[in-house]
Structures are given as C-alpha cells and as structure tokens.
Amino acid sequence: FFNNEAGFSEANALALCSIGRSTKRADDPRYIGNKGIGWKSVFKITPRPQVHSRGFRLAFDATDASGLGYIVPRPAEPLTGWDGRGTVVVLPLEAGGGAALRELRVALSDLRPSLLLFLRQLRSLEVRDAALGLHRRTTRRQHATDPGRVLLEESLERDGHAPSTQTQEWLVVTRRLDAAAERLGNQSTEVAIAFPLVEPSSPLPALDVFAFLPLRSYGMRFLLQADWVLPSSRESVDASSAWNQWLRSCVPDLFVEAAAALLQRAGDEQEKLRASNLLLQLVPTGASEFFEPLAKA
C-alpha cells in the first residue's frame with residue numbers, strides 16, 4: 001500500500017509502537033481517528049506488517065515469543081524498488097494464506113467511489129491486482145462551475161477487456177456548527193449531507209451513514225456525514241451519546257438547506273420536475289434505529 005504523503009515523523013513512528021497514544025487530537029478537524037488502536041487492525045490480515053516511511057523501516061511480528069511483537073518492531077530490510085518518497089505499508093501473507101487473500105480481495109472490490117466524498121486529504125485511490133490483471137482507479141474532483149457538486153470518476157482496466165469509466169455526481173451541503181454538547185474539547189464540528197444527482201426513474205437504494213468512512217445504512221437514501229462517537233468496532237453510531245443525539249437533532253435543518261440547494265440548481269421546468277421527484281425519494285421516511293426520529297421530524 002503506497003501513500004504519497006509527507007512521511008512519518010518520530011512521533012508518528014512511536015505512536016505505532018504503543019496503544020492509546022495517537023498523534024491525532026480529537027478536536028482537530030484535519031484528522032480522523034484518535035484512539036491509538038487503528039493500526040492494530042492490520043494484524044487481522046498478517047502477523048508481520050511493515051512500515052517504510054522516510055528513514056523509518058519498521059517490521060512488527062505478532063508471533064514473537066515475547067508477546068510484544070505487536071508494539072516492539074525490529075528494523076525491516078530495505079524495500080526493493082521504493083524510492084524513499086511517501087509511505088509504504090507491506091502486509092505479507094503467511095503460507096496458506098489463500099483465505100486471507102480472498103477476504104482482502106472482496107474487501108477491496110467492495111470499496112465504493114463515495115468513500116472519497118468526505119476524506120479531504122484523499123483525491124484518488126488505486127487498486128492493482130497483478131494476479132487478476134485488474135487496475136481500478138477512483139478520483140474525486142469538484143465541478144468546474146459549482147463548488148457544491150462533486151464528481152467521482154471510477155475507471156476499470158482488465159487484461160483482455162476494453163477499459164470502462166463511470167462517473168457519479170453528488171450535491172454536498174455542509175454546515176459548521178458551534179458545539180452544543182461536550183466532546184473532548186471540541187468547540188465546533190461539521191455535518192454534511194450528500195444527495196446523489198441521478199435520474200429518479202427507479203427507487204434509490206438505502207445509503208450509508210459516514211463518520212468520514214462509511215459505517216452502515218440506517219435506511220436513508222442520502223449520505224450523512226458527521227463526527228459521530230463510535231464504538232471501537234466502527235460498525236454503528238453510539239445511540240447513548242449526548243453528542244450524537246445533538247448531531248442528529250441538527251440534521252432536519254440541514255436536510256431542508258440541502259433540498260433548497262437541489263431545487264435552486266434546477267433550470268427549466270423539466271429540470272425542476274426531475275429535482276422534485278428526486279427529492280421525494282430523498283425524504284428520510286425510512287430512517288431506522290438511532291435515526292428513526294428523522295422520519296418524524
């Protein structure tokens with residue numbers, strides 16, 4: 001995995017060698033994650049992950065007899081073909097790791113273009129599978145004349161097949177809010193709604209709620225992004241959190257704002273009719289569980 005970032009600092013490297021000592025502050029909107037345990041999830045794929053970044057070459061080994069291989073690395077061998085720029089994470093599969101490889105391939109194939117909508121520092125994502133002769137690239141860019149519209153382009157190349165490209169268009173409306181609930185010193189936060197700009201000729205599918213990365217669907221047909229409080233599994237929104245309950249209470253006004261933005265962008269009568277039909281599907285009447293109050297708002 002290659003990332004064309006600036007590379008690790010000493011503090012970043014030390015954070016990998018500990019638990020609960022992330023260099024990311026919870027009140028800094030530039031970053032996601034702050035519990036100091038995210039890196040440890042790589043051990044689900046391999047017991048011997050490596051990180052190569054700037055002058056750091058770290059090799060972890062979860063099978064080490066000391067039991068400390070998760071957090072005490074040894075120097076890794078120099079990486080062949082790497083020019084020293086950015087950061088490379090190597091996840092070597094164990095012998096007989098076919099099941100893990102299949103699981104990884106399924107996970108990568110399930111990545112949707114909408115993954116890039118709320119990751120401000122990430123503009124493109126490429127997946128190459130040399131064994132299958134597959135190359136997939138997803139790119140995010142702003143509309144040339146309308147900053148509220150975001151285009152997600154996905155290109156797919158497969159050996160022996162003509163390349164194909166698909167483009168999605170989204171209307172993204174964001175509101176910055178002064179914090180009315182307590183969360184780790186946060187003074188403000190942002191909530192965003194993304195409407196899919198599609199022809200409303202068929203029923204829209206239920207879409208995910210995001211905490212920068214997708215969590216799961218709660219029955220709504222638009223994307224909802226906020227800095228939700230999550231359990232460590234990142235599989236749901238913590239329904240007991242006062243912060244989350246306050247964020248949820250802000251969604252109806254933001255939906256009205258997004259709906260107005262959608263209708264304002266319609267030109268002639270035919271476009272207004274299409275926008276109105278789309279909006280009828282976007283109303284969150286199917287919101288469920290923690291978000292069920294939105295269906296009655």
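The values are calculated or read from the model by the stated rules, or taken from the named source; none is laboratory data. Small disclaimer: the values here were computed from a predicted structure and weren't measured. When we count neighbours, we look across all protein chains shown, and the Cβ atoms used for this are built from the backbone with ideal geometry, even at glycine. Ligands, DNA and RNA are stripped out before the accessible areas are found, and what is left, the full protein with its side chains, is counted by its heavy atoms. Shrake-Rupley method; radii C 1.70, N 1.55, O 1.52, S 1.80 Å.
Solvent exposure of the range 107-174 amounts to 63 Å² per residue of accessible area, where only protein heavy atoms count and the probe is 1.4 Å.
Which order do you get for Tyr70, Tyr218 if you rank them by accessible area with a 1.4 Å probe, largest at the top?
Tyr70, Tyr218
Projecting label points 7 angstrom from Cα along Cα→Cβ for Asp238 and Thr285 puts them 3.5 nm apart. Taking 0.36 nm per residue of separation and subtracting the current Cα-Cα distance, fully stretching the chain between Thr80 and Phe2 would add 26.7 nm. The long axis of helix 242-264 is offset from the longest Cα principal axis of the chain by roughly 60 degrees.
Within the listed set Pro252, Pro47, Pro75, the Gaussian network model of the chain (springs between alpha-carbon atoms below 10 Å) gives the highest mean-square fluctuation for Pro75.
Just checking the listed ones, Leu151, Leu282, Leu79: in the Gaussian network model of the chain with Cα springs under 10 Å, the one fluctuating most is Leu79.
Mean separation of Cα pairs under 8 Å and 6 or more residues apart, divided by the residue count, gives the range 252-297 a relative contact order of 29 percent.
Measuring nothing but protein heavy atoms, the accessible surface of the chain at 1.4 Å probe radius is 52 percent carbon and sulfur.
Could you work out the relative contact order of the range 126-237, using alpha carbon pairs under 8 angstrom and six or more residues apart, expressed as a whole percent?
After rounding, I find 15 percent.
Inter-label distance, Glu126 to Ser41: 2.4 nm, where each label sits 7 Å from its Cα along the C-beta direction.
With a 1.4 Å probe rolled over the protein heavy atoms of all chains, the accessible area of Phe222, Phe43 falls in the order Phe43, Phe222, largest first. Relative to the longest principal axis of the Cα atoms of the chain, helix 98-109 runs at roughly 30 degrees. Remark: the range 219-297 carries 49 Å² of accessible area per residue (probe radius 1.4 Å; ligands, DNA and RNA excluded).
Extending 7 Å from the Cα toward the beta-carbon at both Glu153 and Arg105 defines two label points whose distance is 2.9 nm.
The long axis of helix 269-282 is offset from the longest Cα principal axis of the chain by roughly 60 degrees. To the nearest 10, the accessible area of Lys272 is 90 Å² with a 1.4 Å probe. The stretch between Gln187 and Leu93 holds 29.5 nm of extra length on full extension. This uses 0.36 nm per residue minus the Cα-Cα distance. Per-residue ellipticity at 222 nm, computed for the chain from helices alone with -39500 (n - 2.57) per DSSP H run of at least four residues, works out to -6000 deg cm²/dmol. Largest GNM mean-square fluctuation across Asp159, Asp227, Asp61, computed for the chain with C-alpha springs under 10 Å, falls on Asp159.
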